[in-house]
Amino acid sequence: MTDQLIIRDLEVSIGTKKILRGLSLSVGQGEVHALMGPNGSGKTSLAYTLMGHPDYHVDAGEVTWRGESILKMAPDKRARAGMFLAFQYPSAIPGVTVASFLRNIYNAVHHPRNPDEAGEGAIKYTGIPLAKFRRLLEEKMALLSMDPGFSTRYVNDGFSGGEKKRLEMLQMAIMNPTLAILDETDSGLDIDALRQVADGINATLTPEMGVLLITHYQRMLNYIRPDQVHVLLDGRIVMSGGEELSHQLEANGYDWVREQVGVPDGVGDEVAEPAPQPA
Amino acid sequence: MAPVAGALDPAALMEVFGSRPEPDWLRTIRRRTWAGYDATPWPSASEEEWRRTRLDELPRDVPLVSDARAEVSVLDADATGAGVVFADLGDAVRDHPELVQRVLAADAAGPRTHAAFWELSRASWTAGTFLYVPAGVTISLVLRSRTATAGAGAFFPRTIVVAEANSTVTLLDEFSSVDGEPGWFGGTVDIRAGAGARVRYANLQRLGDATWNIGAQRVEVGPDAEVTILNAQVGSLVTKLGMDILMSGRGGTSRLLGILAAGDEQKIDINSLQDLSASNTTSDLLYLSALYDSAHAVFYGSTRVRSEAKQTSSFQECRNLLLSPKAGAEPIPVLEIETNDILRCGHGATAGAIDPVQMFYAQSRGLSHDQAERMIVRGFFERVVAQIGSEAIRAHVLAALEDRIGSAEVVAA
């Protein structure tokens, strides 16, 4: 099967610090894989590496998506290949409205400008017609129960944590990816916001989409049922199982995993996750 | 054909002006202000505001441009009937001599840092924009003046806006010259807003890439007047602009907006003075610059709150986005506060590159590096763009910006 993400023996460092130490994982079409692990285990580093963050250096291993190696692709090319990362800490883009941003990213992925087009042709390029885009946006915002006024605000500028996560979901709905990596989309949300965001994710998921759902807690998995659960510790996947594994983790904690697999307490915790961006 | 004169050769200049059909009172003003120019030393590098821009390479031997004029939009019958005058300055001298003579007689000194160039413009202007709005008259249409020069030369056009009490007017004042021709542009802007007047003035500078722009602006804000000044600077090789904002009328308000986009080896150096001498005045300045390649920007902003000015509010903010490791910016705020009785007086200044996380975020959505950069730069300018009240002016400013920052894909949604 080629419609899948295959990660083989991936080793990644940032600066001189080794973060992923031989990680292997496959996500097939239509499958939801939950990746769980304590703070500092390398979850966000994996997400950033998959999306092509320039600071994350791949030392060894391979990542293929639909049979093609992606490691040399720029982040925008990965997006155009169908990959999407919902950020744990989405960036603000002051002065750019949500609607304008979404129209641009929709065009970038689904309506790209013909690179051979130059001069007059390039000037005339407008991508998706405005009226058509507005209908698409209204439809997706309704799907996610979002207030229409949301689209006139600047991207993540002064947004609450819940609003940022909902905008990530709106972007996913607009981009309609075939592989979604959701990095702690549940973090910082109260129970009502979590339900709203989870409903949004479920409304957006399609049978064609593979999902890598990164989370610290089991609670997200009450709303989005995983096909498989993996535990990341010290830069490696140390356990994999079905949905029941997440319940065992919830009941026993990550120390239980350490005992099971023989990783000493605290190893892996030293790896710094990126700090939250100031609002 | 008009005689050709070096811009700083008085005998040749007098011959040029002698050949123009000008009234004697204007010739007298030219002689007097030329003497004033002659007696005023050029700025030296020992002055704080001139430390960062030297005039050594200013092309001062180029001939005076004497054939350009301001192309102004046509007034409607109501405005003309109400006594509004909007014309090239030379035409206004011919058609409304008493009015222009009265206005020029009330000329005051320009920015201290540009004293010599202010006098030079008074003596040697060959074109300009003259706008007079009588008391109580509202012009709802946006007025537009375009001044272009075709070749190498020195050019000192004057823009004079007199908005009498309780009048309302919006002016877009555009300047352009051709690329590749050494030029010395010494345009001056003199805005006098009477009591309760509402003036919106937008200066769009698209001078050629070999032109030195040594400009000066003087803005006098009367009691309860509301004045918005936008400087959109996207052209020239070197720009050294001095601005005096004189908050001399009680209750007056000024909003000072700047959009600067520069690349290649361009240098933009602006010094501003927000001079609050009357009580209950408000003056807020916001200048944003995007600097590419080896471009360099200096913003030396002074705020002076005089002891007699109580309950004032003032702010100056200067943000610089550096799009290249070789680009640089120096925002230098200076506050002089002579009274404790103020509501607010502050400043904010930054210079930095685009946050790499922000760039990665945008690229992860499918935007190329250049697309993401254009979008972020365009968003950066939005704080000023959103304050441009006129849709027409906004469109002109954005079109000029695109020459430098590129087309920001589709902005509407």
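Rule-based calculations on the coordinates, nothing more; no lab input. Everything numeric here is computed off the predicted structure, so don't read it as measured data. Using ideal geometry, Cβ is built from the backbone for each residue, glycine included, and neighbour counts are taken over all protein chains shown.
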In Hz, Karplus ³J(HN,Hα) per residue of the stretch B:206-217 (6.51, -1.76, 1.60; θ = phi - 60°; x = Gly, Pro): 10, 6, x, 6, 10, 9, 8, 10, 10, x, 9, 9
Amide H contacts of B:Leu257 (H built 1.01 Å from N, under 5 Å, at least 5 apart or other chain): B:Ile229, B:Leu230, B:Asn231, B:Leu286
Residues whose placed amide H lies under 5 Å from that of A:Leu233, excluding near-sequence neighbours: A:Val238
Lys, Arg +1 and Asp, Glu -1 on Cβ, resulting dipole of the stretch A:188-236 about Cα centre, debye, nearest 20: 120
Local electrostatic count at B:Asn203 - Lys and Arg +1, Asp and Glu -1, tallied over other residues with Cβ under 10 Å: -2
Angle in degrees between helix A:161-175 and the longest Cα principal axis of chain A, rounded to the nearest 10: 60
Given 15 as the ceiling on other Cβ atoms within 10 Å, longest exposed-site-free region of chain A for GluC sites (Glu not before Pro) in DSSP loops: A:1-116
Neighbour cut-off at most 13 other Cβ (10 Å), DSSP loop, GluC sites (Glu not before Pro), the stretch B:1-61: B:Glu47, B:Glu57
Sorted by Cβ density within 10 Å, fewest first, the residues B:Asp173, B:Asp269, B:Asp179: B:Asp179, B:Asp269, B:Asp173
Cβ-Cβ FRET estimate between B:Ala11 and B:Arg51, R0 fixed at 41 Å, reported to 0.05: 0.75
GNM top mover of B:Gln311, B:Gln266, B:Gln363 - chain B, alpha-carbon springs below 10 Å: B:Gln363
Helix A:191-204 axis, angle to chain A major axis (alpha carbon atoms, nearest 10°): 70
For B:Tyr287, A:Tyr217, order by how many other beta-carbon atoms lie within 10 Å, fewest first: A:Tyr217, B:Tyr287
Candidates A:Asn176, A:Asn252, A:Asn222, ranked by Gaussian network fluctuation over chain A, Cα under 10 Å, top entry: A:Asn252
Spacing of the two label points (7 Å from each Cα toward its C-beta) at B:His369 and B:Ala392, in nm: 4.2
DSSP bridge pairs, the protein assembly as shown: antiparallel proportion in percent, nearest 5: 20
Local electrostatic count, B:Gly389, Cβ distance below 13 Å [Lys/Arg +1, Asp/Glu -1]: +2
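For chain B, list the DSSP H helices whose alpha carbon atoms reach 27 Å or more along the long axis and whose average Kyte-Doolittle value is -1.0 or above?
Membrane-span-like by this rule: not one helix.
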Chain A - mean residue ellipticity at 222 nm from DSSP helices (-39,500 (n - 2.57) per run, n ≥ 4, rounded to 500): -10500 deg cm²/dmol
Least to most buried among A:Trp65, B:Trp118 (fewest other Cβ within 10 Å first): A:Trp65, B:Trp118
Three semi-axes of the equivalent ellipsoid, chain B, Cα gyration tensor, whole Å, largest first: 32, 26, 22
Approximate spin-label separation B:Leu343-B:Arg31, in nm, with each point projected 7 Å along Cα-to-Cβ: 5.0
Chain B: antiparallel DSSP beta bridges as a percent of all, rounded to 5: 5
Shape category assigned to the stretch A:1-101 from the gyration tensor of Cα positions, a/c cut at 1.5: oblate
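Computed FRET efficiency, Cβ-Cβ of B:Thr80 and A:Glu163, R0 56 Å: what is it to the nearest 0.05?
Taking R0 as 56 Å, the efficiency between B:Thr80 and A:Glu163 is 0.60.
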Whole-number percent relative contact order across chain A, with pairs defined as alpha carbons under 8 Å at least 6 apart: 29
Residue with peak Gaussian network fluctuation, chain A [Cα springs, cutoff 10 Å], from A:Gly200, A:Gly242, A:Gly42: A:Gly242
Amide H within-cut-off set for B:Ala349, under 5 Å, with H built and near neighbours excluded: B:Cys318
Cα-centre dipole for the protein assembly as shown with unit charges at Cβ (Lys and Arg positive, Asp and Glu negative), debye to 20: 860
Set of the stretch A:71-115 residues, backbone N closer than 14 Å to the point 7 Å along the Cα-Cβ line of A:Arg153: A:90-99
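Please report, in debye to the nearest 20, how large the charge dipole of chain B is about its Cα centre when each Lys and Arg carries +1 at its beta carbon and each Asp and Glu carries -1 there.
520
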Summed side-chain charge close to B:Pro23 - residues other than B:Pro23 whose Cβ falls under 14 Å, Lys, Arg +1, Asp, Glu -1: +1
Estimated inter-spin distance, B:Ala106 and A:His111, nm [label 7 Å along Cα→Cβ]: 5.3
Computed over chain B: relative contact order in percent, which uses C-alpha pairs under 8 Å that are six or more apart: 10
Helix A:98-110 vs. chain A, principal-axis angle (Cα, 0 to 90°, nearest 10): 80
